[in-house]
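This report concerns only the one structure given below.
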Amino acid sequence: MVSVFAGGSKEKTASNLIELEMYYYKQENQEGLLALLDAYMAKNPGVKIKTLIIPNDADATMAARAAQGKLADILQMQSYSRVHEYAAKGYLVDLSNEDVLKKVVPGSLPSVTYNNKQYALPMDLQGIGIIYNKDLFAKLNLKAPTTYRELENVCNVLKGNGITPFSGLLAENWSAGHFVTLVHTALLAEKGIDFNTFINNMNAGEGSYGEIDTAKLFSTMDFYAANMASNAGDMNWDEQQNDFVAGKAAMMVQGLFALPGDAPFDMGFVPFPVSNTAANNKFYADVDSCFGVSSQSSPEKRKAAIDFLTWLGTPEAQKLWIEGYKLTVSFAGADVSALPPAYSDLIDSIAAQGSYPWLFSMYPSVVFEEACKNGAQQYMLKRTTANDVIKNIDATWKAAK
């Protein structure tokens, strides 16, 4: 469903008002976004920003608008492949020389770079792993798992105490898509396959998604599904959150964007342990989203959109983003002390043992959106086979390139 709402609480009627549209796919905290936009518009009364939310499977809508020359003025995109795709098609303004890009951590720039130019502002660093109920773990004398065997033991203890290990989310396909690519990336590392080589080979039509240990990939997915509630196939985002907050489930595999603000217990965050070697288990972490400026907009709107991106780099905007939106930022030296302790778990783990990049962001968009998301969801619901999932990913990737 597409919903449109206007940012800001006051209508402005000045004849020189610049009206911008922002496409935004993150649905988790729309109030936080509105607060950010309200603050900007209060300081810039000549600008009004409307927001278009398309949380899932927005490709067709955005492709149709691009073909009509009607892309939103400000575009929130997933990093890597979406930036590459839009930049290659000429949809994005080159932001390489904008001062705001000098404020970000240099390591975040590859996520928005195409042909050695930067086409977006990297915004939030995110990690996907296991969010767990620390109070419940303490009550059952459980430690956060660092290996796959330890995770198996944790699940057995939880089930023995009448608690569902993982809160499910299989009614929507995106979470299953994150999970299959998380495990696949870890298995590439386990086999010693260079990530860039894998992507390049797939793009050249010379590789296969099944060159990793596919038996382990799908047995891990089987394990994950088997440790959800029996009605996981009917559970959506809200129901996953509700089960976890109510203590019906002890863990959920999610990004920190899913950390509930109303949980009556302390929460921790650890990597999903694919391996039985603890050092190999790292967070699946990278720049999640970025903001670009549409080249289809008028020069006046382009300038106004870039001015907004520039403001996002100010201490005021960073504070609103971190404290109100509950997301980290890619700006160097940002103060994240206001975020829950689980964010420190992510940052400390990455500092100690590194992380795995979000390779799904480097896949052609159609591969992740259709073949990975749908394939993983349908496999976990026992509606397709492992072999067919791999064959479809390979075929979709080859067709995309």
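The values are calculated or read from the model by the stated rules, or taken from the named source; none is laboratory data. Keep in mind that what you see is a predicted model, and the values were worked out from it rather than measured. All Cβ positions, glycine included, derive from the backbone under ideal geometry; neighbour counts span all protein chains shown.
A few remarks follow.
- Any hit, the stretch 162-179, residues being within 23 Å of Y363 (Cβ to Cβ), of a type in the set (S, T, Y) and surrounded by 17 or more Cβ atoms within 10 Å (Cβ to Cβ): yes
- Members of the stretch 371-389 that are over 26 Å from F283 (Cβ atoms) and either at pLDDT below 95 or part of a helix (DSSP H, G or I) (or both): Q378, N387, D388
- Those residues of the stretch 304-357 which are more than 22 Å from V270 (Cβ to Cβ), in contact (Cβ under 8 Å) with a residue 60 or more places away in the chain and outside any helix (DSSP H, G or I), in sequence order: G313, V329, S330, F331, A332
- For the stretch 158-179, the count of residues that are closer than 27 Å to I212 by Cα and without any contact (Cβ under 8 Å) to a residue 60 or more places away in the chain is zero.
- You will find that of A64, A14, A42, A35, the residue that is within 17 Å of S294 (Cβ to Cβ) and either part of a loop (DSSP other than H, G, I, E, B) or at pLDDT 85 or above (or both) is A64 and no other.
- Unique match (being assigned to a helix (DSSP H, G or I), buried (at least 19 other Cβ atoms within 10 Å of the Cβ), in contact (Cβ under 8 Å) with a residue 60 or more places away in the chain and not small (G, A, S)) among K301, K398: K301
- Pairs with Cβ under 8 Å, 6+ apart, first in the stretch 214-240 and surrounded by 18 or more Cβ atoms within 10 Å (Cβ to Cβ), second among the hydroxyl-bearing types (S, T, Y) and assigned to a helix (DSSP H, G or I): F218/Y379; T220/Y148; M221/Y379; Q240/S175
- Residue in the stretch 123-139 that is of a type outside the set (F, W, Y), closer than 13 Å to G292 by Cα and surrounded by 21 or more Cβ atoms within 10 Å (Cβ to Cβ) present: yes
- Selection within the stretch 45-55: residues that are modelled with pLDDT of 95 or more and among the hydrophobic types (A, V, I, L, M, F, W, C). The member of this set that is surrounded by the fewest Cβ atoms within 10 Å (Cβ to Cβ) is V47.
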